[in-house]
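A short write-up of the structure that comes next.
Each reported figure results from applying straightforward, stated rules to the coordinates on display, with no laboratory input. Quantities reported herein were computed from a predicted structural model and do not represent experimental measurements. For neighbour counting, all protein chains shown are included, and Cβ atoms are generated from backbone atoms with ideal geometry for every residue, glycine included.
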Amino acid sequence: MAKNKRFHFPLRSIVGTFSLYQGIGLFLIVSIAVVAGYTLTYQTSVNRLRQEGDAIIEQAAGILSRPLWNFDKDTMAQYIDVFLNNSLVDGVQVRDERGQIVKEKTIKSYPATQKFQFSMTRPIYFNKMNIGTVTIIFSMLQAHSRARHTVMIMALMSLIFLVAVLMTSIFQLRRFVIHPLLELGESMMEIAEGDYSEKLSLIQKQEFERIAGEFNTMVDQIRKREEEIVTVSNRYQFLMDAIPDAFFLHTRTGEILQVNNTFTEMYGFDKEEISQLSLADDLSGDGYSEAMAREQLFLAWERGQASFRWMGKRKDGSEFPVEVLLKRIELNDEKYIMSVVRDITRREKTEQALRESEEKFRAMTDHTTAAIFIYREKFMFANPASEAVSGYSQEEFLQLNFWDLVHPDHRELIRQRGMARIKGENIPNRYNFKIITKNGGVKWMDFSAQRILYEGEW
């Protein structure tokens with residue numbers, strides 16, 4: 001029997017060449033995948049951010065309509081601060097219909113503004129009237145961060161995957177290609193040396209072990225998506241709970257779906273009870289029927305929004321006046337009614353006190369014998385006694401200039417003291433001077449003057 005010669009197979013050459021080309025190919029694939037993954041993830045994040053921005057600015061346009069109509073800067077500031085608590089919002093600007101800035105606040109700015117921020121503008125309507133615009137500056141840092149985070153995870157997972165694939169490929173190449181070829185070569189060498197007793201046999205390895213790569217990419221994506229949904233929902237609920245007015249979301253028929261904390265505080269109901277509540281029976285005062293409530297819902301649904309005064313009712317049965325804004329909104333391709341309810345008990349008490357004060361003032365000025373008037377560049381008000389003192393009717397009196405009444409001997413004195421009073425200087429509030437009546441007569445007047453706040457101005 002001939003001496004058995006070992007069959008020499010270029011194992012290192014084959015494995016090395018295979019590993020080199022496979023490594024280069026896989027590196028290119030990973031590079032392309034990472035670039036594509038970053039681009040796709042960033043674009044997806046930006047699109048999602050813009051969708052969230054659409055929802056936020058639509059919400060802002062609806063909520064700011066009433067304060068902008070009333071020019072209530074304090075309430076606008078409260079709402080703006082609520083929106084600035086959102087990590088996506090860097091700034092809020094409210095303009096009136098003339099384009100003048102009414103309220104503006106920015107909490108973040110960056111040198112490369114276009115790279116890290118974008119803005120969205122929406123018109124603000126009140127009773128179908130365009131009363132201004134709201135502009136919100138959104139931060140894109142979250143989109144960049146989310147894309148970088150996703151790409152880092154993708155690159156790490158791809159690296160692990162590629163190492164596993166490369167090692168597995170080498171192992172499989174050794175086991176199912178190289179080793180059978182070596183066995184075949186050894187058998188062929190023995191037969192070539194004349195050992196015919198050696199049968200040509202090639203053991204085929206059939207035990208292909210399935211290497212299960214535990215890459216839960218799909219599961220991770222689903223989990224991340226659920227976390228994002230929960231995060232957005234929490235942000236939305238946080239914004240709603242921070243609003244000082246009662247907010248609730250309901251269907252066209254009045255079925256309440258969601259409320260904020262102010263609603264529970266204002267009406268006294270728990271959030272677990274909202275599904276059983278009726279807008280007319282449980283939340284409206286006496287005299288406000290189901291038909292009246294449905295009429296307002298219908299108007300808001302058809303026109304897009306409706307505002308009105310209503311009488312609310314708490315869980316304990318006590319009633320209180322409210323101001324209601326209904327607005328039709330669209331969420332996830334479904335239409336709903338958003339209600340914003342403001343307790344105006346304090347405002348009505350203030351208005352009542354103001355009316356009573358005005359009535360007392362009118363009663364006093366109408367029955368006194370002293371001439372009482374309000375002057376700011378022209379006569380703003382004059383009581384009936386002014387007619388008796390000056391000889392001019394009240395209509396004529398209001399058309400006069402103050403200097404038309406003052407006697408020439410005292411005009412300079414009155415002018416100097418009037419200018420000093422406007423400047424806030426300390427001058428006597430009471431002094432005497434002469435006036436000229438309508439018929440040309442001269443009267444001495446015991447005059448008292450005091451600066452007051454009238455119609456919002458001094």
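Quick notes
- Prolate/oblate/rounded label for the stretch 323-383 (Cα gyration tensor, a/c 1.5): prolate
- Cut-off 13 Å between beta-carbons: net charge of the residues surrounding residue 426, Lys and Arg +1, Asp and Glu -1: +3
- Nitroxide proxy distance, nm - points 7 Å out along Cα→Cβ at residue 29 and residue 153: 2.2
- Compared with the alpha-carbon gap, the fully stretched path from residue 388 to residue 286 is longer by 31.6 nm at 0.36 nm per residue.
- Interchain or long-range residues, amide H under 5 Å from residue 278's placed H: 283
- The three principal axes of the Cα atoms in the stretch 245-343 give end-to-end lengths of 37, 27, 21 Å, sorted in falling order.
- With both labels modelled 7 Å from their Cα along Cα-to-Cβ, the residue 302 to residue 276 distance reads 3.5 nm.
- Shown is the FRET efficiency for residue 436 and residue 356, computed with R0 = 51 Å from the Cβ-Cβ distance and rounded to the nearest 0.05: 0.85.
- Each label point was placed 7 Å from the Cα along the Cα-to-Cβ direction; for residue 141 and residue 448 their separation is 6.2 nm.
- Length released on extending from residue 164 to residue 367, taking residue separation times 0.36 nm less the Cα-Cα span: 63.0 nm
- Cα gyration tensor shape of the stretch 366-448, rounded if a/c is under 1.5, else prolate or oblate by comparing a/b with b/c: prolate
- Ranking of 446, 404, 90 by count of other Cβ atoms within 10 Å, fewest first: 446, 404, 90
- Treating r as the C-beta distance of residue 375 and residue 320 and R0 as 41 Å, the FRET efficiency rounds to 0.50.
- Net charge contributed by nearby residues that have their C-beta within less than 15 Å of residue 270 (K/R +1, D/E -1): -3
- Residue order, fewest to most beta carbons within 10 Å, for 419, 76, 311: 419, 311, 76
- Over 30 Å between alpha carbons, listed pairs 105/423; 103/349; 378/443: 105/423
- Local charge for residue 413 was computed over the other residues whose Cβ lies under 13 Å away, with Lys and Arg +1 and Asp and Glu -1, and equals +3.
- One Cα centroid belongs to the stretch 344-423, the other to the stretch 270-295; the line between them spans 49 Å.
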